[in-house]
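Engineer: Please find one structure pasted underneath; my questions will follow.
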Amino acid sequence: MTPQQKAMLQKLGPFIALLAICAGLSVMSADFLTMGNLLNVMRQVSINALIAFGMTLVILLGGIDLSVGSILALSSVLTAMLLQAGVDPLLATLLGILSGALMGCCNGLVISKGKVAPFIATLASMTILRGLSLVASNGSPITGFGSDMFSMLGGGYVAGVVPVPVVWMLLMFAGFWFMLKKTVFGRHVYATGGNEESARLSGVKVDRVKIWVYTLSGALSAMAGAVLTSRLNSAQPTAGAGYELDAIAAVVLGGTSLTGGRGWIVGTLIGALLIGVLNNGLNLLGVSSFYQQVIKGVVILLAVLLDRSGKK
């Protein structure tokens, strides 16, 4: 098999796996292929996909962001506090997303200027931000926003059919696909992840790229938090726990290399769909949540092993 054929197979692998799982679940459960269930899967996938799009940029750099779940929680709490204070829903949502961007920017500054390893920097911020969300909310959920406009963000429908979160997911997907494929910034992300020193010598402002990538990751996490808060009509200070693992899993399943410099946003969307379909199918089949964790772990391990084998 030629290197080009192997690369094509790696790209198509997640899509083939998604089709195979869907085919299997449609046989095992009559409820799987119903329109209501498929739309529900898409709505559930949207939150993980939004976070995973930002995580894709981070992993393309060869980094990692463990703080996305905590950013989601704290930005959600801040948005809810603004709504309860009577701030316009649109402004409150935008300020919440901006707060997430600032949290991500801090990660980028610590990593690029402080020369701290991404794992350590984001592990520290994960703990700090989770603590701040508990402090700000006094450890209790914030509920009762009384805003129909805000409720539309996570619970509304376009044309009475398509869930609004799915529309946001597709818009962000299109935007990030264009950015990575067609812009100078996208090329700089790939170059930095492929070989940081070579990128720097070629004139790429590596530190600036890192700061922007982590800023975007934080903003998308906050956006996912706004969607989740709207859907539940409640901001939970403990929300987002473990979301960083699902996002990383979606990116890895989609074929993005953990060592950086290789991957695509289409694969991430397929990876998020894979996880969502797997979760939904296992629930329909009545599989225990304990076994679901085991199955997801095995799937992720297989994806990493395939990624490593593809480099040989």
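The values are calculated or read from the model by the stated rules, or taken from the named source; none is laboratory data. Every value quoted in this text rests on a predicted model; they were computed, and no experiment measured them. Cβ: placed from backbone, ideal geometry, glycine included. Neighbour counts: every protein chain shown. Accessible surface areas use protein heavy atoms only, side chains included; no ligands, DNA or RNA. Shrake-Rupley method; radii C 1.70, N 1.55, O 1.52, S 1.80 Å.
Engineer: Which whole-number percent is the relative contact order of the chain (Cα, under 8 Å, 6+ apart)?
Structural biologist: Answer for the chain is 35 percent.
Engineer: Further question on the same structure: In nm², what is the average projected area of the convex hull enclosing the Cα atoms of the chain?
Structural biologist: Seen from a random direction, the Cα hull of the chain projects 17.0 nm² on average.
Engineer: From the protein chains alone at 1.4 Å, what is the descending order of accessible area for S257, S151, largest first?
Structural biologist: The residues order as S151, S257, largest area first.
Engineer: How would M81, M172 line up by accessible area, probe 1.4 Å, largest first?
Structural biologist: The ordering from most to least exposed comes out as M81, M172.
Engineer: If you line up the Cα atoms of the range 207-312 on their principal axes, what length do they span on each, largest first, in Å?
Structural biologist: Cα spread of the range 207-312 along its principal axes, largest to smallest: 45, 40, 21 Å.
Engineer: Number of Lys-Lys pairs in the range 75-216 under 17 Å by Cα, sequence gap 8 or more or different chains?
Structural biologist: For the range 75-216, qualifying lysine pairs total 4.
Engineer: Next question, about the same structure. Let me understand the range 99-255 better: what is its radius of gyration from the alpha carbons, and its Dmax, in angstrom?
Structural biologist: My reading of the Cα-based Rg and Dmax gives 17.8, 54 Å.
Engineer: Next up: Under 18 Å from the Cα of K296, which aspartates and glutamates turn up, not counting those fewer than eight places away in the same chain?
Structural biologist: E244, D246, D307
Engineer: Scaled to the compact-protein estimate 2.2 N^0.38 Å, what is the alpha-carbon radius of gyration of the range 110-165, rounded to two decimal places?
Structural biologist: Compared with the compact-globule rule of thumb, the range 110-165 sits at 1.80.
Engineer: Order the following by accessible area, largest value first: F185, F15, F150. Probe radius 1.4 Å; ligands, DNA and RNA are ignored.
Structural biologist: F15, F185, F150
Engineer: Can you check how the C-alpha radius of gyration of the range 1-115 compares to 2.2 N^0.38 Å, as a plain ratio?
Structural biologist: That works out to 1.49 for the range 1-115.
Engineer: I want to verify the translational diffusion coefficient of the range 71-188 in µm²/s; compute it with Stokes-Einstein, Rh as the Kirkwood radius over Cα pairs, at 4 °C and 1.567 mPa s.
Structural biologist: Here the translational diffusion coefficient equals 78 µm²/s.
Engineer: Per residue, how big is the convex hull of the range 169-236 when only Cα atoms are used? Give it in Å³.
Structural biologist: Measuring per residue, one finds 87 Å³ for the Cα hull of the range 169-236.
Engineer: May I have the convex hull volume per residue, in Å³, for the Cα set of the range 54-119?
Structural biologist: So the per-residue hull volume is 78 Å³.
Engineer: In addition: How high is the relative contact order of the range 28-184, in percent, counting Cα pairs under 8 Å that sit 6 or more residues apart?
Structural biologist: In percent, rounded to a whole number, it is 31.
Engineer: If you take the charge dipole of the chain about its Cα centre, with +1 on Lys and Arg Cβ and -1 on Asp and Glu Cβ, which of L61, S289, L98 is farthest toward its positive end?
Structural biologist: L61
Engineer: What figure, in Å² to the nearest 10, do you get for the accessible area of W212 with a 1.4 Å probe and non-protein molecules left out?
Structural biologist: Probe radius 1.4 Å; accessible area of W212 about 140 Å².
Engineer: Here is a follow-up. Which value at 222 nm does the chain reach when only helices count, each DSSP H run of 4 or more adding -39,500 (n - 2.57), with the total divided by all residues and rounded to the nearest 500 deg cm²/dmol?
Structural biologist: Computed ellipticity for the chain at 222 nm equals -25500 deg cm²/dmol.
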